[in-house]
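Scroll down for the structure; my scribbles are underneath it.
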Amino acid sequence: MSTISLGTVDNGTTIDAVVGDVIVVRLAENPTTGYRWSLESVEGSLLETKDDRFVLDSGPQTGSGGTRRFQFRAAAAGTTPIHLKHWREWAGEDSVTERYAVGIEAVAGLRA
């Protein structure tokens with residue numbers, strides 16, 4: 001089992017994984033603006049969502065930004081995208097400022 005770390009530069013790519021691997025997506029976020037990254041869609045039978053949390057980058061200063069961290073585990077072999085969106089949930093789809101998508105191709109067995 002390996003941990004695969006993804007970020008902004010991986011948007012629009014496809015990543016190879018092995019069943020059991022942990023996939024961590026980290027994206028910059030400042031929730032004091034009202035905008036946050038949210039999971040839009042993922043195939044739950046292939047990728048198990050393990051964690052979704054905000055991590056403050058520095059000390060607890062008012063208005064400080066940080067990183068939204070999503071953690072998934074490749075639960076079964078197959079291909080599935082992870083879709084995330086940066087938005088104000090209460091304001092609806094018109095508030096989406098950015099989307100993030102990465103494909104995951106998971107295979108059973110050992111890493112080559």
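Which of the chymotrypsin sites (Phe, Trp or Tyr not before Pro) across the stretch 1-68 are loop residues per DSSP, with 16 or fewer other Cβ within 10 Å? Before the final figure, lay out each step's value.
Numbers: sites: Tyr35, Trp37, Phe54; in loops: Tyr35.
Here no loop site has a sparse enough neighbourhood.
Between amide H atoms placed 1.01 Å from N, distances below 5 Å from Glu98 occur with His86, all of them 5 or more places distant or on a separate chain. So for the chain, averaging the separation of alpha carbon pairs under 8 Å that are six or more residues apart and normalising by length, what relative contact order in percent results? Relative contact order of the chain: 34 percent.
Bear in mind these aren't lab numbers, they're just calculated from the coordinates by the rules spelled out. From a predicted model like this one, the values you see are computed outputs, not experimental measurements. Note: ideal-geometry Cβ built from the backbone for every residue, glycine included; neighbour counts use all protein chains shown.
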